[in-house]
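For reference, the structure is listed below as structure tokens.
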Amino acid sequence: MLSSSGTRRAGLLGILLLYYLSFTGMAANDDEFQPIMFDLIENSGLSFVVEPSRTDKRHQPETMISGIAVFDYDNDGLLDVYIVSGATMPGLQKTLDTHTNRLFRNLGDWKFEDVTTKAGVQGRGYTNGTVVADYDNDGDQDIFIAGLRENIFYRNNGDGTFSDITKEAGFGNPDPDYGTLWSVAAAFLDYDNDGLLDLFVSNYCVWDPATEPVCGPQNSPDYCHPQHYDGLPNSLFHNNGDGTFTDVSKKSGIRDHIGKGMGLGVADFDDDGWIDIYVANDTVPAFLFHNQQDGTFQEIGFESGTAYTYSGAAVSGMGVDAKDVNNDGRVDLFVAAMTNEAMPYYENAGDMMFDEMTASSKLAMMTRDRTGWSNGIFDFNNDGWKDLFIASGDVMDPRGNFGERVLQPNTLFVNLKNGKFADAAPQAGDKFHTLRAVHRGAAFGDFDNDGRMDAIVSALSDPVEIWRNVSPTPNNWLTLSFTGKSSTRDAIGTKVKITTASGSQWGHVNIAVGYGCASDKRVHFGLGSDQLVEELQITWPNGLVEKKQDVKPNQFLSFVEP
């Protein structure tokens, strides 16, 4: 039997042991989580292979195609899919059979129909990313395509067809100073709060096949490091309200900063009512454009702590998503990056300051041997905490000297609710864990409207993968959609706070997610075992706040701005 002093010493030792285990991440229940599981949907009719036109020259654009958009183009309540593809290289010509962009209509019950020709959205040239939104507030989703040499803009006619209005809208010109164009991703946002959706486009590098360097062994070259290419400034287009846009890149201050733009994180990071923009750059410091509320932006990547990682390095930033990961009411950032870099995770500390938590969250250790492209932050097991999904595949050619590391399975990290994550891919299904490919695009949405978030992933020269969420946890959920009036009809930027017995969660309306991809604009919450949302608070872009009490779970709710 222990004496009282011995009991105190044992208690103290126990406390110290628990502290040590907690600090080192070795607590007994530290890695316990509710499972996330995916089934690979086959024979759905959504049969498509992204064709990059790989050549022995290893032209840089061949390895970068990503774009997938998940959206309801015909307003029937089911999410449809648009996917971009490449073109001949270096001729940049689309051929009907192998390079056409594709639009697939969701027929329900995991069946899709190819409606590309009827819709008139085959595209042209070499295309990289895509984004969708209702730019003219007419109730239909329109399509913007980021491409090489030119971008494309399709207006939805509301009858199942689209019209190419690229030149009329003001998107048909190359960069005025560089005489060329290579756009990778785009995001619709109302940066000046005038009720019209503007467009931000991330631009990558100056590329000319006639002068492109050869990298690696002469008899077996591979894709060059981005340092061999000059960067391009990004672009910001102001919506004029008459179907046209004006390039305000210089006037807004965006054009003052030359990067190698990739994915975009769009959110009101300091909760001041004005949308800000994070740009993941490839091997150069990331940008964080802080909205100055007067039509201009200040670039504060270094000051905010998001330009570099904790090691002082600029990573090969690919995809990025911006959501509240730790349920503290502030929008965080998760960035996909290359093998041997780790994928940065930044927690928002307020006042446009961020703390990098890549190492303490275990993401540094778990992501160092992987390459990520498009990514997303969503609650896949509906436990009330958002998880991380990454489309993984190396940048190099699978036929080259680094071929053994190029094909990778997709990556999935579950939120452990304590600031840490665990690798959930091994338990997510045999095919999910073992299906290796040169993955690029990833977009997310609830395709079968069952309250669980599904995923669709593209791969270079391999079939598109549709992952149905079949997670067995009987958790509750709530999915919300919003229609603006004085704000944009898509209500992009609308903020939502829900409070249940377990605490509060926050979300916001945004379509541009990952690397050149667009996801379901509905806001989804997992509720765990909670049986009631005690309060639902909506903050519309115009500043109006609505509150709803005692909202039941497991339903889709729609709200119209008063």
- Query: Two-decimal Rg/Rh of the range 328-427 from alpha-carbon positions, Kirkwood Rh?
  - Reply: 1.00
- In the structure shown, of Lys323/Lys417; Lys118/Lys485; Lys111/Lys552, the pairs separated by more than 20 angstrom at the C-alpha atoms are Lys118/Lys485; Lys111/Lys552
- With Cβ to Cβ distances under 10 Å as the rule, what net charge do the other residues near Gly393 carry (K, R +1; D, E -1)? +2
- Item | By average C-beta atoms within 10 angstrom, highest first, the peptides 548-554, 501-507 | 501-507, 548-554
- Item | Karplus 3J(HN,Hα) series, Hz, for the range 456-467 with 6.51 cos²θ - 1.76 cosθ + 1.60 (x for Gly, Pro) | 10, 10, 9, 9, 5, 6, 9, x, 5, 10, 10, 10
- Item | Estimated vicinal HN-Hα couplings, Hz - the range 411-422 in sequence order (Karplus 6.51, -1.76, 1.60; Gly, Pro = x) | 10, 9, 10, 9, 7, 8, 6, 10, x, 10, 10, 10
- Would you kindly calculate the mean projected area, averaged across all directions, of the convex hull enclosing the Cα atoms of the range 300-358, in square nanometres? 3.8 nm²
- Query: For the chain, what relative contact order do you get, as a whole percent, if you take Cα pairs closer than 8 Å and at least 6 residues apart?
  - Reply: 15 percent
- Query: Which ³J(HN,Hα) values, rounded to whole Hz and listed in residue order, are derived for the range 448-453 from phi using the Karplus coefficients 6.51, -1.76 and 1.60 in 6.51 cos²θ - 1.76 cosθ + 1.60 with θ = phi - 60°, glycine and proline given as x?
  - Reply: 10, 6, 10, x, 10, 7
- Once the Cα gyration tensor of the range 160-227 is diagonalised, semi-axes √(5λ) in Å: 34, 15, 13
- Item | Accessible surface, the chain, averaged per residue in Å² (probe 1.4 Å) | 37 Å²
- Item | Förster radius 35 Å - calculated FRET efficiency between Asp272 and Asn157 (Cβ-Cβ, nearest 0.05) | 0.40
- Task: Over the range 54-162, with every protein chain in place, what whole percent of the accessible area is carbon and sulfur at 1.4 Å, could you tell me?
- Result: 45 percent
- Query: In degrees, nearest 10, range 0 to 90: what is the angle between the Cα axis of helix 4-24 and the longest Cα principal axis of the chain?
  - Reply: 0 degrees
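The values are calculated or read from the model by the stated rules, or taken from the named source; none is laboratory data. None of the values given here were measured: they were computed from a predicted structure. Glycine gets a Cβ as well: all are built from the backbone with ideal geometry, and neighbour counts include every protein chain shown. For accessibility, only protein heavy atoms count, side chains too; no ligands or nucleic acids. Shrake-Rupley method; radii C 1.70, N 1.55, O 1.52, S 1.80 Å.
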